[in-house]
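None of the figures in this text is laboratory data; all of them are computed from the coordinates on show. Bear in mind that the values here come from a model prediction, so they are computed numbers and not experimental data. Quick reminder, even Gly has a Cβ in these numbers, built from the backbone with ideal geometry, and neighbours come from all protein chains shown.
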Amino acid sequence: MNRILPLGVIALGILAFATLMLVIGPAIQIKSMAPTPGLANYSAQELRGREQYVAQGCVYCHSQQPRSADQAPDAERGWGRAAVASDYVYDRPHQLGTMRTGPDLFNVGTRLPSRDWHLTHLYQPRAIFAWSIMPGYPYLFERKSRAGPGDVVVSLPAEHRPAEGVIVAKPAALDLVAYLQGLDHTNPAPARAVRDDGYSERGEPR
Amino acid sequence: MSLTIGLLLALSFVVSLLALAFLIWAINNNQLRIEQRHAYTIFTEGEAGQVDDPTAEREDDHHFDIERAGIDRVSRLPVLILVASGIGWLVLGSLFGLVASLKLHWPDWLDAQAALTFGRVRTLHLNMVIYGWASMTGIAVALWVTPRIFHTPLRLPRLPLIGAALWNMALLAGAIAIANGWTDGEEWLEIPWQVDIGLATAGVFFVVPIIVTAARREVHHIYVTGWYYLAGLCWFPVLFVIANIPYIHSGVQEATVNWWFAHNVLGLWLTPLGVGTAYYFIPKIIGKPIYSYSLSLLGFWGLALFYSQVGIHHLIGGPVPTWVVTLSIVHSMMMFIPVLAVAVNQHVLVARNLWALRESIPLRFVALGALLYTLASFQGSIEALRTVNSVTHFTHYTVGHAHLGAYGFLTLVLFGAVYYLVPRSTGRQWPWPAAMAAHFWLVVVGFLVYFAALTIGGVLQGLAMLDATRPFAESVRVTMPYLQARSVGGSLMALGHLLFAVHFVVAVLQRPAPHPGATVLSKPAVAA
Ligand code: HEM
């Protein structure tokens, strides 16, 4: 270990090899998969809502990758079937997440279809669950003395209602809710879809 | 398809095993020509055998070390500016960490502004402590240690000044972007790629002087610290640039890039900085070489081979190919080899010289940091086991682990290094020795509380979530006392950082040294 050049070359060679295994290999395999049948691309409004989801940092508390029944009771909790790689073809940036301070949201649109529920929840989660530690997003809403035409008024229990006037959703909140309502990956995954099957017994359905 | 994948996988193992066999052969045959006497590279003539701790010297203990005085004087300005920047980001980053922590049990606190929502405060915390504190201070220490192990002054010492200015500006711009919701949206890669160009450019101004200094070295042998620093400085720029190239990745494939990058920031950037630093300061302060110099070779190449492929253990049970997950799990297990090699080398030396811990606060920080490196690595390998991961993944347990590595290991090592190098750089003592001990106990006790709380809370949370008969609410409720305890521990840590920062400012602004321009060296053998 008395020369710089071999040190640098071997070090970079090892990194190149790791890149081949962790980046290029999976990329070849994953990019060859067609989207899961029935997976729809996002609408313009959903995409704007997704941008809100990213910008607010929802991913630091919510995953979007239900696990298989072999590993965890995600499906029993209503979080959906095990996610497969081809469910994500339209996702950029990906929002798989590594925390479940809150529930997995990959199928929240089917579990909680109501726009009004989401608006109330986003404005003040503790208006719905006293135990919730999710932050409220009051800055995605505004208080008006009275709702104008086209305004969406948020329904709130008495203790969270403003002293006067009403709370109406800003467009950003409506977009975000549209994205949440659209989160639906209940379409069945093809048999050969890619995911980590390390927990399943051979041939078991997922 | 599965044939090619199987082939790739087999290839990886064959190459890794071949490389390992080659290494063992090479070590046996002295091919790499490293001998125990090379471990003495860090000492000057006649210096080994003496404790060397600038913080324990009295003003009248000085004697001159002509060689190092000259070397340290050249690197003084860039090093102190980078350390000052690092400490600034540490204080700011800790503040954001504390706010994020408090928000998890006071969710209605500070909810009126978008910039202060949990998702952004947490992101600001991570980027400030990793790219600000850990990276800038780590680079500062590397700029200071590299010339010393090569026995030659830092070349191009003006370049790091430009680098520091650029890096600070880019990081500030990144922080402002994140606070305003402009983010690339992936963990560890939130800073917008447009701003990342500034960070990448700044990096060049640090890498070039270190490589030029290495090329002009006065000693034949590259000491182990140099392997880690040089390799880290090759790896990180490549990682950073590839992971930030926009528009080419998407979906799950992007997630594999994300975690390939994020884990390599830890494994191939922060870890080399910390391990390299510990490899210098532990023997230097104790005055004796590490236990087995040839073992350090196994530690280094093992780290390179195995750590580079562990990233996908962050996606266990996820929508990624089984083989990549398995590959990363296997390599996570292999990490026991290099970690044990480093552990034997460093801990045996410390264990045989426990008395030195009483005498030297810098050593106390560095040695404890090195010990926590071993623990963090063992914990990480075990977390990658599928059965364990089912419980701990997606919980606060992971956050506890992240802090055991980034804080318990790296941050403590950097504290020790800064305590050592500031008196040598400025020629002036730390003004308040008691503040150093107070800092040590604040952050160590704070961290213990922090880590214990998240570890227990995380396991309870994970078990609740795996039990379908318990509602999700319970996985939130069980964590509450532990999240509160984390805030208590975090406050102690933040207080320690504040004290450290004030002490640093006072130390640098002190009146000039009695012998301006001269660096002090320890008097011979402190009563041992
Ligand atoms: C004042 C002391 C600190 C406090 C109170 C603190 C608190 C926090 C909090 C609340 C999070 C977010 C966890 C979550 O998303 O649920 C976090 C994440 C993180 N912090 Fe700190 N932190 C502190 C110091 C540090 C330091 C000095 C470092 C590194 C040098 C560090 C490295 C990290 C890392 C790597 C993460 C990401 C963890 C993950 O995603 O698993 N922290 N910290």
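Summary of values
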{"read-out": "Debye, to nearest 20: dipole size of chain A, +1 on Lys, Arg Cβ, -1 on Asp, Glu Cβ", "value": "300"}
{"read-out": "Which of A:GLU159, B:GLU67, A:GLU142 has the fewest Cβ neighbours within 10 Å, and the rest in rising order", "value": "A:GLU159, A:GLU142, B:GLU67"}
{"read-out": "Centroid-to-centroid separation of segment A:91-145 and segment B:335-354 [C-alpha atoms, Å]", "value": "48"}
{"read-out": "Fewest-first ranking of B:PHE205, B:PHE300, using other Cβ atoms within 10 Å as the exposure measure", "value": "B:PHE205, B:PHE300"}
{"read-out": "Net charge contributed by nearby residues that have their C-beta within less than 13 Å of A:LYS170 (K/R +1, D/E -1)", "value": "0"}
{"read-out": "Which of A:ALA55, B:VAL15, B:ILE197, positive extreme of dipole for the protein assembly as shown (C-beta unit charges)", "value": "B:ILE197"}
{"read-out": "Principal-axis tilt of helix B:361-383 within chain B, Cα atoms, nearest 10 degrees", "value": "30"}
{"read-out": "Helix-only CD estimate at 222 nm, as mean residue ellipticity for the protein assembly as shown, using -39500 (n - 2.57) per DSSP H run (n ≥ 4)", "value": "-18500 deg cm²/dmol"}
{"read-out": "Overall dimensions of chain B by Cα: Rg and Dmax, Å", "value": "22.8, 73"}
{"read-out": "Whole-number percent relative contact order across chain A, with pairs defined as alpha carbons under 8 Å at least 6 apart", "value": "27"}
{"read-out": "Projected-area mean, the protein assembly as shown, by convex hull of Cα positions, square nanometres", "value": "31.4"}
{"read-out": "Positive minus negative residues near B:GLY490 (Lys, Arg vs Asp, Glu; Cβ under 15 Å)", "value": "+3"}
{"read-out": "Alpha-carbon centroids, segment B:387-465 and segment B:230-270: separation in whole Å", "value": "25"}
{"read-out": "For A:TRP79, B:TRP188, order by how many other beta-carbon atoms lie within 10 Å, fewest first", "value": "B:TRP188, A:TRP79"}
{"read-out": "Rounded to 10°, Cα long-axis angle of helix A:171-182 versus longest principal axis of chain A", "value": "60"}
{"read-out": "Of B:MET335, B:VAL506, B:ILE456, farthest towards positive along the dipole that unit charges on Lys, Arg, Asp, Glu beta carbons give chain B", "value": "B:VAL506"}
{"read-out": "Summed residue charge, Cβ within 14 Å of B:ILE245's Cβ, Lys/Arg positive, Asp/Glu negative", "value": "-3"}
{"read-out": "Selection from A:ALA169, A:LEU22, A:PHE129 lying farthest towards where the dipole of chain A points positive, charges on Cβ", "value": "A:LEU22"}
{"read-out": "Cβ charges +1 (Lys, Arg) and -1 (Asp, Glu), total dipole of the protein assembly as shown, debye", "value": "700"}
{"read-out": "Degrees between helix B:412-426 axis and first principal axis of chain B (Cα, 0 to 90, nearest 10)", "value": "30"}
